[in-house]
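Student: Got a structure for you, written out below as structure tokens; questions coming shortly.
The values are calculated or read from the model by the stated rules, or taken from the named source; none is laboratory data. Because the structure is a prediction, the values reported are computed rather than measured. Positions of Cβ are backbone-derived with ideal geometry, glycine not excepted, and every protein chain shown enters the neighbour counts. Heads up: the accessible areas ignore ligands, DNA and RNA and are worked out on the full protein's heavy atoms, side chains in. Shrake-Rupley method; radii C 1.70, N 1.55, O 1.52, S 1.80 Å.
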Number of protein chains: 4
Amino acid sequence: MAGSTFGVSFRVTTAGESHGPANVVIVDGCPAGLPLSLDDLRPDLARRRPGQSRLVSQRAEPDDPEILSGVHEGLTTGAPIAVIVRNVDAKSRDYDDLAGLYRPGHADYTYDAKYGHRDPRGGGRASARETVSRVVAGAIAKKLIARSGVRVLGWVAQVGEVVASIPDKTAVTLEEVEASPTRCPDAIAAEKMTALVEQVRKEQDSVGGVCEIVALGVPVGLGEPVFDKLKADLAKALFSIPAVMGVEIGSGFRAASMRGSEHDDVFLPGDPRALRTETNHHGGTLGGISSGMPLLLRVAIKPTSTIPRELRTVTRDGEPTTVRSRGRHDPCIALRFPPIGEAMVAIVIADHVLRAMASPAFRAIE
Amino acid sequence: MAGSTFGVSFRVTTAGESHGPANVVIVDGCPAGLPLSLDDLRPDLARRRPGQSRLVSQRAEPDDPEILSGVHEGLTTGAPIAVIVRNVDAKSRDYDDLAGLYRPGHADYTYDAKYGHRDPRGGGRASARETVSRVVAGAIAKKLIARSGVRVLGWVAQVGEVVASIPDKTAVTLEEVEASPTRCPDAIAAEKMTALVEQVRKEQDSVGGVCEIVALGVPVGLGEPVFDKLKADLAKALFSIPAVMGVEIGSGFRAASMRGSEHDDVFLPGDPRALRTETNHHGGTLGGISSGMPLLLRVAIKPTSTIPRELRTVTRDGEPTTVRSRGRHDPCIALRFPPIGEAMVAIVIADHVLRAMASPAFRAIE
Amino acid sequence: MAGSTFGVSFRVTTAGESHGPANVVIVDGCPAGLPLSLDDLRPDLARRRPGQSRLVSQRAEPDDPEILSGVHEGLTTGAPIAVIVRNVDAKSRDYDDLAGLYRPGHADYTYDAKYGHRDPRGGGRASARETVSRVVAGAIAKKLIARSGVRVLGWVAQVGEVVASIPDKTAVTLEEVEASPTRCPDAIAAEKMTALVEQVRKEQDSVGGVCEIVALGVPVGLGEPVFDKLKADLAKALFSIPAVMGVEIGSGFRAASMRGSEHDDVFLPGDPRALRTETNHHGGTLGGISSGMPLLLRVAIKPTSTIPRELRTVTRDGEPTTVRSRGRHDPCIALRFPPIGEAMVAIVIADHVLRAMASPAFRAIE
Amino acid sequence: MAGSTFGVSFRVTTAGESHGPANVVIVDGCPAGLPLSLDDLRPDLARRRPGQSRLVSQRAEPDDPEILSGVHEGLTTGAPIAVIVRNVDAKSRDYDDLAGLYRPGHADYTYDAKYGHRDPRGGGRASARETVSRVVAGAIAKKLIARSGVRVLGWVAQVGEVVASIPDKTAVTLEEVEASPTRCPDAIAAEKMTALVEQVRKEQDSVGGVCEIVALGVPVGLGEPVFDKLKADLAKALFSIPAVMGVEIGSGFRAASMRGSEHDDVFLPGDPRALRTETNHHGGTLGGISSGMPLLLRVAIKPTSTIPRELRTVTRDGEPTTVRSRGRHDPCIALRFPPIGEAMVAIVIADHVLRAMASPAFRAIE
């Protein structure tokens, strides 16, 4: 049943397969009067796009968006914004010999079981190609929440065994992130990551990683108690992205071995409408509601499932066979994650900013 | 805006505060004809209840549920099932002196900012008391999915530095879990955990932990592509529980340092409608859709924020003050997590079983 | 699948059957800080209650509400508000001999087909008894929208052939409506209606009617384009009430024989933020968005299906039989409709007021 | 806030303005394996299209749809189906002089109040141009429910004072409907309607009408109790269409003057899984759930608001002015209603067929 819509008040609906004619996204609920043009969409699309360095897939997609509705004379009208991005370099023939078998680590088997037939071309709807729609919606969300002073930035913090050292997560800049094709702002770690990814590619293998995403300037009061906590919607948003295996907020799994006396973040005296805490183990939400402190998120990303080796697997009849993928793939999908993760975080924040506006108290603070 | 409803087809709505008259839950969408009585609700309520051992809070709540609708002559009717659990031992006076300040690690500040005023009694809606409603709904969900052969079980895998050793996560039994008040099925670790929790309590401190939850017998084909992936809804469900700081599925954060050749789970030859994989790094979903392999989830839980020490904090005016909590609290909230986490996992599975029924192919497999 | 929730931002979920222990309603999304007590709920419950005059059913329900959550020291907290109303005078034995057959005009057959078994006691969930929950939620909604100056009032405009004459629908008062048990503000028509209902009762029959509902003070800008138009949500809300067969807004079916030159409501010069139209054929929405003019709604209500006569029907096996109902019923259900219809209209307006707050332009106008 | 999505399980999201680049629709939830091609979309698009006879608007749109996703080798895949229809003949210059004033009967004022600025070109999102997306989604829904034997047909039953005589509403054929540009299957009435519409056009006026829509073969058991009754969702669907002022099911407003003894539809002995009633005053739903009898709906449509006369109105500053529309418009919009109304009815039935599949009892009947 319908699972292609995300959000309540800033509502994103997507359609499109890896090898179909186009990816389509409708953003419903964006307020009127926001300046919006293709130039707002292109930078993050460019960051997400394959073929940018030899570290990533060589599929060559221009990823040229077209806005079909919701914008008039450079301003959003309040009507739903539809954007399409056509697929150009879809080499379906790469996938012809996969139709009769199930690739390990992929959705081939589960889609087949669910739908009774499947689109074998490049993973169809399960392909990471659909994230192009998320990035478009995320660019709109970023523009919207920037008005409230919110800024979202993500980077690669780990590739395989290489772990970056980032002393102050709130001080990282986009320039530092984009300085290396690894998107790791720690230049020394970035170099090691580059070497590791190249080595892994030569070994016809792939490797996992960790991405960190930080949101600064988040107003206090976002998120709804109980089920629609901000941290819950963020976790869903990030786990909905292909290849994500884990999500942490604030102290994350380190909290398990901490004491309360150490973990409790002490409030500092100050403006009662904009309190700060001395530390930020909570990661920006208390009771699931944003505290005004930076949102600190970490995401674990599995190694790309497709590797250009011969792998054991089974046919659609359950008989043993082998498979060797020929499609163009990334040796470390984590490197392309930051703009996608940022997009989902921005969408969640935009949704909750609009949701919070129904609360008179929230608006007073604003 | 409204955030007290969870699920699409198996839809759970809750209400109730820690120190109000009662907690209320309405489960809408449960099919007709399911045998259901109070005896189905009581065991998990008993597991969740405070006051069961000296390791947990001494608040004495009978947690007696009353079914107000949706059941006729021992069978569900298809109408919404309403259940209330009255609060009995709510000692609001314990909270009188907290009204003018913000406790560290709690939702006091964020609720105040959001709503302009707050219910200071025991955390109000932000208190873990609301999880009694989740456990009721979860018990109904468990009963429903048991018909499809699904079984959900959770346990404590880590407390502070003490890490359990559980060689086969699919073989743990409820008896093993409940054998110790720590809910750790590794008897040796359980003993160390007990000692640690007692020590922490003596030190007027608290400690975090990790809970693992496994679902066996999950049919292949649950979850919807893109946003409503099974893993995404599970992550949201678990992150919506108070104190949760991280969630992993399958390999989780270990995936970051793995190679694709190691992580890819090879399909074993066999019945094409019930394939198995040799390993289970994917943790039970592929492309976000259940694979039929066990669902493997891990949850990081922070140390209880309330500790019976004097802590620095601020008043509602942002002035420095100190606070010493007198309410009855758990030194390690993780010990009480398993029935709550199980409930949320069962609710998600029940929801997706009903959602999947709209797919003719899914039903064929059934 | 789950159909017991109404609204997006002001979200009402109900449970409860005619002859179960209680009716339950959870209102989620009501802003914090609204004064609310049982005294706000009782007047409309009293208006809806059976047994008030010999014109209506003699079932004697005290309809005493209990607030279980969401209110602290007389103010809403922003948390969901749960209210229960226990059933007291449920005479299930009246229904014992109905279990094996299908009553004409009732939901017996359709529920049986849908759920495979049904609760024969007084219609179960299909009984108008569930409207007690709507009236509770409606009373909260009325209180909320009164802050924005909105007032909702309904009355009986037709019973059988007797049609009231109400020259100015915006000038009717609650006192005029409640002056007669028919709830018709035209005293002469009210007398004829009384006579007609008594005659129909003597004839062991029932009769239909029309109810009119007007909302004054509705701010301009409520409703969302395309599917969630204000008129669309109002129509759904009213058609969701048992026995409703038709809904009109403004000119309604009279529009079919009108010319555009006559129907177009001319704007009058004035404050551009509070324009008025010379006439109000549009009935308060233009493009589905509220215009600031009075909302004018008309609802057709069928004659009560249960009449105390022997009627031909069939058994659950499709064999011919007869049925004579003994339950206590209304000869003209339309007389009890106004508080229920008002409640649903108020809920829709409350929902759209909160939804509109996400639009900065709307708030400016406010 | 987001109002461009309709349906729960068969979920339709639209975007697009009258004079923007294109209309876009995403249908999410359509099961896999349904044969679908452009040829399934074209016939209803052709029926809806302007410029087909001199009775309707002369805007010349080819209405050529393009399917961008969700279909592979002629079959739906289970993924969302995106379709775009480009606007070609949008003459925005016709609207240039309308930017500073509010047309009577239009959404100009309400949109301006809601969004703070508006797209003056042809009504933007409020234009009936958006119904092209409804017709596309409706064509997919029709194809889906045809598998269950459901057929939906609408026609014009009244134009101004001319009322058609249709003795058996369940026997009307598409050929009879499309035999006249009035879409009235009563040939004698159709001729009078033609004359009336031509006269009205000459008088630079417009006229209202009534459309009837019938659905045959609807399975028993569709609709959810209380709020999501089938009749409630149908009413919302129809009232969401521009120009609709009233909706009736079955006896509609005639029920007001009927007696219960006359209105109650007696069940006829027969197969207990497919009962019929002697009469069909209920119009196909009992307790809001489909009874298996034909769904009988009537819709009142106002006269087109735009008439080519000089009309009094006000400027955006509330000052008096006059307006004379030059856009191409229909003298009787009701004539173009049938394919649009059918589409919405088909979408509601498709949605509830999928929703009902979550009920094991419903499937047993299937």
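Student: Please give the FRET efficiency for B:Leu216 paired with B:Ala187, using the beta carbon to beta carbon distance and R0 = 25 Å, rounded to the nearest 0.05. Could the numbers behind the result be given before it?
Tutor: On the way: r = 22 Å, r/R0 = 0.88.
The computed FRET efficiency comes out at 0.70.
Student: Could you order the peptides C:15-22, B:179-186, A:298-305 from most to least packed, using the average number of other C-beta atoms within 10 Å per residue? List each step's numbers first, then the result.
Tutor: Working: C:15-22: 25.0, B:179-186: 23.5, A:298-305: 27.9.
Sorting C:15-22, B:179-186, A:298-305 by mean packing, highest first, produces A:298-305, C:15-22, B:179-186.
Student: What FRET efficiency do you get for D:Leu38 and A:Arg42 if R0 is 41 Å and r is their Cβ-Cβ distance, rounded to the nearest 0.05? Show your work: numbers first, answer last.
Tutor: On the way: r = 31 Å, r/R0 = 0.77.
Efficiency, rounded to the nearest 0.05: 0.85.
Student: Can I ask one more? Regarding segment A:1-160, what is the average projected area of its C-alpha convex hull, in nm²?
Tutor: Details: hull surface 45.3 nm².
Value for segment A:1-160: 11.3 nm².
Student: Here is a follow-up. Tell me, rounded to the nearest percent, the portion of alpha carbon pairs in segment C:102-226 spaced more than 22 Å apart.
Tutor: Working: 4392 of 7750 pairs.
I get 57 percent for the Cα pairs in segment C:102-226 exceeding 22 Å.
Student: Still on this structure, please answer the following. Expressed as a whole number of Å, what is the distance separating the alpha-carbon centroids of segment A:220-266 and segment A:163-193?
Tutor: Using only Cα atoms to place each centre, the spacing works out to 23 Å.
Student: Going 7 Å from the Cα of D:Arg254 toward and past its Cβ, which residues in segment D:282-296 have a backbone nitrogen under 17 Å from where you end up?
Tutor: D:282-285, D:294-296
Student: Mind checking which of B:Gly149, B:Gly250, B:Gly318 has the largest fluctuation in a GNM of chain B, springs on alpha carbons under 10 Å?
Tutor: B:Gly318
Student: Within segment B:29-70, report the trypsin sites (Lys or Arg not before Pro) that DSSP leaves as loop and that have at most 12 other Cβ atoms within 10 Å.
Tutor: On the way: sites: B:Arg47, B:Arg48, B:Arg54, B:Arg59; in loops: B:Arg54, B:Arg59.
Passing both the DSSP loop test and the Cβ count: B:Arg54.
Student: What residues qualify as long-range amide H neighbours of B:Gly283, i.e. H under 5 Å apart, gap of 5 or more or another chain, H built at 1.01 Å from N?
Tutor: B:Ser251
Student: Write down the accessible area per residue of chain B in Å², having rolled a 1.4 Å probe over the full set of protein chains. Please report the intermediate quantities before stating the final value.
Tutor: Values: 10770 Å² over 366 residues.
It amounts to 29 Å² per residue over chain B.
Student: Between D:Glu310 and C:Gln204, what is the label-point separation in nm under the 7 Å Cα-to-beta-carbon projection?
Tutor: Placing both labels 7 Å along Cα→Cβ, they lie 7.0 nm apart.
Student: With n ≥ 4 as the cut-off for DSSP H runs, can you work out [θ] at 222 nm for chain C, using -39500 (n - 2.57) per run divided by the number of residues, rounded to the nearest 500? Walk me through the numbers before you get to the answer.
Tutor: Working: 9 runs with 96 residues, N = 366.
-8000 deg cm²/dmol, from helical runs alone.
Student: Can you give the average number of partner chain beta-carbon atoms within 10 Å of each beta-carbon in peptide D:63-70, as a whole number?
Tutor: Working: counts 0, 0, 0, 3, 3, 11, 16, 9.
For this peptide, the per-residue mean of nearby foreign Cβ atoms is 5.
Student: Something else now. Show which lysines lie in cross-link reach of D:Lys192 when reach means a straight Cα distance below 17 angstrom and same-chain residues fewer than eight apart are skipped.
Tutor: Candidates past the 8-residue exclusion: D:Lys202.
Student: What residues does segment D:303-338 have that are buried by at least 40 Å² of accessible area in the full protein assembly compared to the chain on its own, 1.4 angstrom probe?
Tutor: D:Pro303, D:Arg312, D:Val314, D:Gly318
Student: Additional query: For a quick check: with amide H placed at 1.01 Å from N, whose amide H comes under 5 Å from D:Asp64's, ignoring anything fewer than 5 positions away on the same chain?
Tutor: Amide H neighbours of D:Asp64: D:Arg86.
Student: Can you compute 3J(HN,Hα) from phi for each residue in segment C:211-221, using the Karplus curve 6.51 cos²θ - 1.76 cosθ + 1.60 with θ = phi - 60°, rounded to whole Hz and x for Gly and Pro?
Tutor: 10, 10, 10, 10, 10, 9, x, 5, x, 5, x
Student: Can you tell me the dipole magnitude for the protein assembly as shown around its Cα centre, using point charges on the Cβ only (Lys, Arg +1; Asp, Glu -1), in Debye to the nearest 20? Working shown, then result.
Tutor: Values: 176 positive and 180 negative charges, 1 e Å.
Dipole size: approximately 0 debye.
Student: Other chains' Cβ within 10 Å of B:280-289 residues: what's the mean?
Tutor: Details: counts 0, 4, 7, 2, 0, 3, 13, 15, 9, 9.
The mean count of partner-chain Cβ atoms within 10 Å per residue comes to 6.
Student: Run the simple label-point estimate for C:Glu178 and A:Asp271 please: 7 Å along Cα→C-beta, distance reported in nm.
Tutor: 4.9 nm
Student: Using each residue's phi in segment B:160-173, evaluate 6.51 cos²θ - 1.76 cosθ + 1.60 at θ = phi - 60° and report the 3J(HN,Hα) Karplus result to the nearest Hz, with x for Gly and Pro.
Tutor: x, 8, 7, 10, 6, 10, 10, x, 10, 5, 8, 10, 5, 10
Student: On to the next question. Within the accessible area of the protein assembly as shown, what % is carbon and sulfur when the probe is 1.4 Å and the other protein chains stay in place?
Tutor: On the way: 21890 of 43090 Å².
It is 51 percent, rounded to a whole number.
Student: In peptide A:203-214, how many Cβ atoms from other protein chains are near each Cβ within 10 Å, on average?
Tutor: Values: counts 3, 2, 5, 7, 9, 11, 3, 4, 1, 0, 0, 0.
The mean count of partner-chain Cβ atoms within 10 Å per residue comes to 4.
Student: When we measure straight from the Cα of B:Lys142, which lysines land under 29 angstrom away, once same-chain ones fewer than 8 places off are left out?
Tutor: Cross-link targets: A:Lys114, A:Lys229, A:Lys231, A:Lys236, B:Lys169, B:Lys229, B:Lys231, B:Lys236, B:Lys302, C:Lys114, D:Lys229.
Student: Sticking with this structure for a sec: Please work out the Kirkwood hydrodynamic radius for chain B, using every pair of different C-alpha atoms, and report it in angstroms with one decimal place.
Tutor: It works out to 21.5 Å.
Student: Need the C-alpha centroid separation for segment A:1-54 versus segment B:7-84, integer Å.
Tutor: 41 Å
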